[in-house]
1. Which ones in the range 181-197 are of a type in the set (A, V, I, L, M) and without any contact (Cβ under 8 Å) to a residue 40 or more places away in the chain?
2. Out of the residues in the range 11-40 that are aliphatic (A, V, I, L, M) and open to solvent by less than 10 Å² (accessible area, probe 1.4 Å), which is farthest from the chain's Cα centre (by Cα)?
3. Looking for whichever is open to solvent by less than 60 Å² (accessible area, probe 1.4 Å) and under 16 Å from Leu150 (Cβ atoms) here; the options are Thr62, Thr43. Which one fits?
4. Looking at the range 156-175, can you tell me whether even one residue there is on the phi > 0 side of the Ramachandran plot, part of a loop (DSSP other than H, G, I, E, B) and out of contact with any helix residue (DSSP H, G or I) (no Cβ under 9 Å at 6 or more places or on another chain)?
5. Kindly provide the set of residues from the range 118-131 that are of a type outside the set (Lys, Arg) and at pLDDT 85 or above, ordered by number.
6. Do we have any residue at all in the range 45-66 that's more than 20 Å from Phe185 (Cβ to Cβ), among the polar types (S, T, N, Q) and in contact with a Ser or Thr (Cβ under 8 Å, 6 or more places away or on another chain)?
7. Please verify whether Leu140 is closer than 21 Å to Val39 by Cα, open to solvent by less than 80 Å² (accessible area, probe 1.4 Å) and in a helix (DSSP H, G or I), treating the condition exactly as stated.
8. How many residues, within the range 67-89, are open to solvent by less than 30 Å² (accessible area, probe 1.4 Å) and out of contact with any Ser or Thr (no Cβ under 8 Å at 6 or more places or on another chain)?
Amino acid sequence: MWAKRIRYLNDNYARIAKNDRIFLNNPVIMSGLGLAPLVVAATNGDNAVILSAAVLLMLTPTRILGSIVSRWLPFRALAYCLSAAVVYMGTYTLLREWFDVQIVTLGIYLPLLVVEPIIIKRYERNTPEKWTTALRKGLLTTTGYVLVILITGILREFLAIGSVFGYRLTNIPILPLANLASGGFIIVALLCAFWRGMVNVMKKWVNMEAKKYQ
């Protein structure tokens, strides 16, 4: 059973990796999508949670609505941007209800999600996406993006002020500039390098394991 599974993974690795939006083909790590709000707004755990909630409420519904509307609008980019704008109005109302004025800390990067490529990028394709495909891929992409947002926010808060979600773990800041945009680029770059390294390690391991059962 194990040998069969390893051979299957090795023979179909490219297809599996292409469809995996969480680890092997995370849109942020592998394609550099969604970096602006990640670098500037996800400065601590609390902000990361708010940003994650916004992405959860916007990404998949926008993709589904855009896939439906684009069948009737000649300009697919306009269809996805309008869909994102409509979804954002409901999202903003819910975020104000849940987080009150705390959402102000995200600044302009909250409404900018309306034109964020990771949310509306599907308009570049030549054929409209089926809503079922939009649902499946939207949920996977959302999971991958939210995972990176939370990891980044928690890391930056810990490195900058030594706390996690406001709970202080150390009185000595490791990297004080981590909560600045410049520090955000450094943290995201290191995270991407580590993540990609782990993906390469996994790929090599699958290949080596498959050779044992040839």
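The values are calculated or read from the model by the stated rules, or taken from the named source; none is laboratory data. These numbers come from a predicted model, not from an experiment. Note that each Cβ is placed from the backbone with ideal geometry, even for glycine, and that neighbours are counted across all protein chains shown. Calculation scope for accessible area: heavy atoms of the full protein, side chains included, ligands and nucleic acids excluded. Shrake-Rupley method; radii C 1.70, N 1.55, O 1.52, S 1.80 Å.
1. Scanning the range 181-197 gives Ile186, Ile187, Ala189, Leu190, Ala193.
2. In this case the residue turns out to be Val39.
3. Just one listed residue meets the conditions, Thr43.
4. The answer is yes; a qualifying residue exists.
5. Residues satisfying the conditions are Ile118, Trp131.
6. Yes, the conditions are met somewhere in the range 45-66.
7. no
8. Qualifying residue count for the region: 1.
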